[in-house]
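Chemist: Before we start, here is the structure in question, set down as C-alpha cells.
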Amino acid sequence: MDIRELVEPEDADLDAWHTLVSAAHLHDLPGDPAPDSTQTIGRIFGGGARRLWAVPYREGFGAVASVWLPGDPAVRAAEVDVHVLPELRRRGLGTRLLRLAAEAARANGRSAALAQALAGTPAVPFLERHGFRCLLITRSLVLRPAETDVSAHAALNPEGYRLIRWTGTVPDHLAVQFALAKSAMADHDEGDSAWTADVVRDTADHVAKRGDDLYTVAALHGPRIVGFTEVVVPGDVPVRAFQYDTAVVPGHRGRRIGLWVKAAMLEWLADERPEVVEIETDNAGDNAHMLAVNEALGYRPLREFREYLAQAADLP
Ligand SMILES: CC(C)(COP(=O)(O)OP(=O)(O)OC[C@H]1O[C@@H](n2cnc3c(N)ncnc32)[C@H](O)[C@@H]1OP(=O)(O)O)[C@@H](O)C(=O)NCCC(=O)NCCS
C-alpha cells in the first residue's frame, strides 16, 4: 500500500484522519466515547513543526502517522503517533509509518521520541517491540454521580473550616489566596510558584473561551484558602465532565479536606448540572493519596495511559 506525505492537508484529509482515529479507538476500547474531531485535529495540527503521512484506502485513509517536532531539537524529544485501521493491522504498515516518523525525527536532530498508548491495546506490544520503554503510567477514573452517595463526606465539616464556591473566574478578593493554594499542588515554596492571580484568571478565561464551564469549591480557614477542587463541564458534550485540579495546602492535610471539597462539588453539580452523567479524572500511577480519596467517592478505573520513550537510534 502506498504511503503519501500530507504536506498541505485539506479539509477532506482532516475528516479522513479523524474517521480513522475514531474507528481505531472504538475497536480498541468498545463503549468508550471516541475523541471528538477538535481533539483529534488539535492533537495533530497544534503548534510546532509536524510531518504527516497517510495511506489512502477506500474512500479515506487506512493508516496515518504524525511526528511532532517541538522546540529545540537538542533538548526536546519528538512525539510520534501511528494509527492503523483494525482490518489492516499486523501487515507491517504501522512499522513502515513509524520508520518514516523516526527518520524525520533523526533528520531533525532529535535523539529521542515519545509516544502514548492505552493499556490493553495493541499499541503496547507494538511500541515495546520497537524499542520504546514505559516512562509513566497515568490512570483515569470515572464516577457516575447517580450511582454513588457522597452525602456523608459532604457533611464532614471539619472544625474551623468552611466552604465557598464559585463558577468561572475566582472572585477578585480571593484571587491571590487561590493562587497560593494552587501552588500547593506542586508543594512549591510560595515565592517559587508559577501560579499568580493573573495566571489563575487567564486559566479560567481560557476555559470560558472554549465554551466550557468551570466550577470551583474551596475550603477556607479564616481568610485563607487551604484546599480546593475544580471540575469543568464541556459546553459541547456536558454528559462527561472532567476533574481538574485538587489540592490541600501542606499544613492542613490529613483532615479529610480533599474528600470534603470533592464531595461538596459532587452535590453541587448534581443540583446545578444534572445532565452530567460521568466525571472523569486522571491520577498519576504513584499518587496513592488522591487515588484513595477518589475511591472513597466512588470513582472506578476507566483506563490506563502509558507514556513511552525511545532513543531515536533504536527506532526502525
Ligand atoms: C499500534 C498499531 C499502530 C500497530 O499497527 P500495525 O500495522 O498492526 O503494526 P505492525 O504490523 O507493523 O506490527 C509490528 C509488530 O508490533 C507488534 N504488534 C503489533 N500489534 C500487536 C498485537 N495486537 N499483539 C501483539 N503484538 C503486536 C508485533 O511484534 C508486530 O510484529 P509481527 O506482526 O511480525 O508479530 C495499531 O494497532 C493501531 O493503530 N493501534 C491504535 C492506535 C494507537 O494506539 N497508536 C498509538 C501508538 S503510536
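Throughout, read-outs are computed from the coordinates displayed, never taken from laboratory work. Remember, predicted model here, so these are calculated numbers, not experimental data. A quick note on method: Cβ atoms are made from the backbone with ideal geometry, for glycine too, and the neighbour counts reach across all protein chains shown.
Chemist: Would you mind getting me the FRET efficiency between Thr19 and Ala119? Use the beta-carbon distance for r and R0 = 25 Å, nearest 0.05. Don't jump to the answer; show the numbers that get you there.
Modeler: Working: r = 25 Å, r/R0 = 0.99.
So, using R0 = 25 Å, E works out to roughly 0.50.
Chemist: Percent of Cα-Cα pairs more than 27 Å apart in the chain, please.
Modeler: Numbers: 25815 of 49770 pairs.
So the portion of pairs separated by more than 27 Å is 52 percent.
Chemist: How high is the FRET efficiency from Asn287 to Glu59, r the C-beta distance, R0 41 Å, rounded to 0.05? It would help to have the intermediate numbers written out before the result.
Modeler: On the way: r = 44 Å, r/R0 = 1.08.
My answer for the efficiency is 0.40.
Chemist: Mind giving me the nanometre distance, one decimal, between the label points for Ala155 and Arg106, set 7 Å out from Cα along Cα→Cβ?
Modeler: 6.6
Chemist: Let me ask you something else. Determine the shape class of region 145-276: with a ≥ b ≥ c the square roots of the Cα gyration tensor eigenvalues, call it rounded for a/c under 1.5, and otherwise prolate if a/b is greater than b/c, oblate otherwise.
Modeler: On the way: a/c = 2.02, a/b = 1.12, b/c = 1.81.
It is oblate, given that a/c is not under 1.5 and a/b is not larger than b/c.
Chemist: Moving on to the next point. Each label point is 7 Å from the Cα along the Cα-to-Cβ direction; what then is the distance between the points at Val232 and Ala197, in nm?
Modeler: Taking the simple label geometry, Val232 and Ala197 are separated by 2.4 nm.
Chemist: So what's the net charge close to Pro158: Lys and Arg +1, Asp and Glu -1, counting the other residues with Cβ under 11 Å from its Cβ? Walk me through the intermediate numbers first.
Modeler: Working: positive: Arg162, Arg255, Arg256; negative: Glu159.
Result for the neighbourhood of Pro158: +2.
Chemist: Now for a separate question. Which residues among region 49-81 fall inside the zone where the amide N is under 20 Å from a point 7 Å beyond the Cα of Arg90, along Cα→Cβ?
Modeler: In region 49-81, the label zone of Arg90 (backbone N under 20 Å from the point 7 Å along Cα→Cβ) covers 62-64.
Chemist: Here's a follow-up. Under a crude label model (7 Å from the Cα following the beta-carbon direction), how far is Arg133 from Leu29 in nanometres?
Modeler: Simple spin-label model gives 2.7 nm for this pair.
Chemist: Quick one: which of 228-241, 32-45 comes out on top by average Cβ neighbours within 10 Å, and what's the full order, highest first? Let's see the in-between values first.
Modeler: Details: 228-241: 18.4, 32-45: 14.6.
Final packing ranking: 228-241, 32-45.
Chemist: Under a Cβ-Cβ cut-off of 12 Å, what is the net charge of the residues other than Glu304 that fall near it, where Lys and Arg count +1 and Asp and Glu count -1?
Modeler: Working: positive: Arg139, Arg303, Arg306; negative: Asp282, Glu307.
Around Glu304, the surrounding residues sum to +1.
Chemist: Considering only the other residues whose Cβ falls under 9 Å of the Cβ of Leu100, what net charge follows from Lys and Arg at +1 and Asp and Glu at -1?
Modeler: Details: positive: Arg51, Arg96, Arg99; negative: Glu5, Glu103.
So the surrounding residues net to +1.
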